[in-house]
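S.K.: This is the structure I want to talk about, given as structure tokens.
The values are calculated or read from the model by the stated rules, or taken from the named source; none is laboratory data. Note that this is a predicted model, so its numbers are computed, not measured. Glycine also receives a Cβ, built like all others from the backbone with ideal geometry; neighbour counts cover every protein chain displayed. With ligands, DNA and RNA removed, areas are computed over all heavy atoms of the protein, side chains included. Shrake-Rupley method; radii C 1.70, N 1.55, O 1.52, S 1.80 Å.
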Amino acid sequence: MSSTRTPITPSQGTAPQGRGTILAVMCAGMFLVQLDVTVVNVALPHIGAGLHTGLPGMQWVVDSYTVVLAACLLAAGVVGDRLGHRTVAVAGLALFGAASLLCGLAPGIGTLVAARALQGFAAALLLPSTLAVVNQTFPERAEQARALGIWAGVSALALPAGPVLGGVLVTAAGWRSVFLVNLPVVAAAIVLTLRRVRRDEPAPGRRLDVPGVLAAAVALLALTYCAIAYGHSGVSAQTVAAAVVAVLGVVALVWWERRAPEPLFPPSLLGGSGFVGANVVAALMNFVGIGLVFVVTLYLQGVRHHDALSAGAMLLPLFAPLALCAPFTGRIAARYGPRLPMLGGLLLGTAGAACLLLVTTDAPYAVLIPPLLGVGLGMGLLTPSVVAAALRSGPPSRPGLSSGVNNTARQAAGALGVAVLGAMVGDPAGGETFTAGLRWTGALSALLWIAAIVITVRTVPGLEDRKERDATG
């Protein structure tokens, strides 16, 4: 077999029906990546009981996935360019399947956390590679826009599907089924990718910034560990050591990135206030959103004693708006600029988070609907808008880098949100102590999103600003 890799071009493209299959397979890969962010939440109490672990162990089941995903996202895009995105997509799918099997068979919490970290690495390979394959398969601008809209829509649907699917699986077959269900999907996706997707031309000239990847991973891992350890044991030798390692990791990352020949995160990106502001808002969005999903799930099952299926269904007011708002939010951002929907989302989310102050240990579910709906609508308006703001304010010649930085900021902040808000609430067996902590997470979340409103007003240009800039330059 020839080793030549042929890129897809408009004249060499796959037949329309074949391209539809490719799109479906790439969407399936992305669906798995997003699904495993949320599907595990409703299984956490069962995992804790089955593997005899407390709150820190449950936090690491979530965070080991998102920390590794965040740390490796930018590097994974470079790996795809070097080796070919079809090759990396297949490798990511195979690794994701193997890690899912290991999760499903894990005999203890240590094995499960390690397997979840492996899943996060596989997800980092999948996310940029599936997007690149879609771009290559649909080269014409109009059809590419439609394909990317479908790809983004499917990924958004994974978020509301996660709690419901997780609840069904846990109720019917136990928590291990949440991971084992990935196996047939992965197997079919690998076969179809190998059969349908052409090999693309690698770009061996690009270098992988290994020191940058390692420094970023160490800093994020240590910071997450510090927050989880503090919530479990307060100020201790472990938390201080983790804090020191996190600071050293950040210093090493900044020092190296200023000297690296091909840096993972070019320091020049920090020169644009719009780019920095959009990504800070994106980070605050996920810190609050992903963190609240974690603590509210523990409240529903650990304090209110709902089963996994009921808890998953109760989370729909938070997740459904993410999928429902995406199509028209993109059109609003395109017509009026991203600042308007960002401000609308932040205001709704702030009001929703503040409503958590009304939650008590024996409050009816109706009291929880306003905070869930407010945060869900807020994130539904924010998610497409912050991505658009980051892409518009980043380097025009490097949209992949801008997207990668935005994804990394969101995933890293989500991991920290689980660690910090989880530390604030403590063990759900605490009852009223946990609920009091939940109210404090609502107050902190509202304050953080108010700060995001200020950042948005000061850094993200509105439609008038953009028209003026276009007219003058």
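S.K.: Gap in Å between the Cα centre of the range 24-76 and the Cα centre of the range 400-434?
M.R.: 12
S.K.: Between Tyr365 and Glu262, what is 0.36 nm times their sequence separation minus the Cα-Cα distance? Round to one decimal in nm.
M.R.: On the way: separation 103, 0.36 × 103 = 37.08 nm, distance 5.19 nm.
That pair, Tyr365 and Glu262, stretches by 31.9 nm at full extension.
S.K.: Summarise the accessible area of the chain (1.4 Å probe, protein heavy atoms) by the percent that is carbon and sulfur. Show your work: numbers first, answer last.
M.R.: Values: 13240 of 19230 Å².
The computed percentage sits at 69.
S.K.: Something else: Based on the Cβ-Cβ distance from Ala334 to Ala237, what FRET efficiency comes out when R0 is 45 Å, to the nearest 0.05? Don't skip to the answer; put the middle values down first.
M.R.: Numbers: r = 52 Å, r/R0 = 1.17.
Efficiency computed from Cβ-Cβ geometry: 0.30.
S.K.: What percent do you get for the relative contact order of the range 251-370 when only Cα pairs under 8 Å and 6+ apart count?
M.R.: Relative contact order for the range 251-370 comes out at 12 percent.
S.K.: Using the per-residue mean of other Cβ atoms lying within 10 Å as a proxy for protection, in what order, highest first, do the peptides 339-350, 421-432 fall? Mind showing how you got there, number by number?
M.R.: On the way: 339-350: 23.8, 421-432: 19.8.
Answer by packing, highest mean first, reads 339-350, 421-432.
S.K.: Any idea how far apart His52 and Ala24 come out in nm if each label point goes 7 Å out from Cα toward Cβ?
M.R.: Inter-label distance under the simple model: 4.7 nm.
S.K.: How many nm is it between the label spots at His305 and Val457, if each spot is 7 Å from the Cα in line with the beta carbon?
M.R.: 4.7
S.K.: Provide the net charge surrounding Gly302, with neighbours chosen by a C-beta distance below 15 Å and charges set as Lys +1, Arg +1, Asp -1, Glu -1.
M.R.: On the way: positive: Arg304; negative: Asp307, Asp362, Asp427, Glu432.
Net charge around Gly302: -3.
S.K.: Suppose all protein chains stay in the model; what accessible area per residue would a 1.4 Å probe give for the chain, in Å²? Don't skip to the answer; put the middle values down first.
M.R.: Numbers: 19230 Å² over 473 residues.
On a per-residue basis, 41 Å².
S.K.: Length gain on complete extension for the stretch Arg195 to Thr433, per 0.36 nm per residue less the alpha carbon to alpha carbon distance? Let's see the in-between values first.
M.R.: Numbers: separation 238, 0.36 × 238 = 85.68 nm, distance 5.52 nm.
This chain segment gains 80.2 nm when fully extended.
S.K.: I would also like to ask the following. Report the label-to-label distance for Thr111 and Ala187 in nanometres (one decimal), using points 7 Å from each Cα along the Cα→Cβ vector.
M.R.: 2.1
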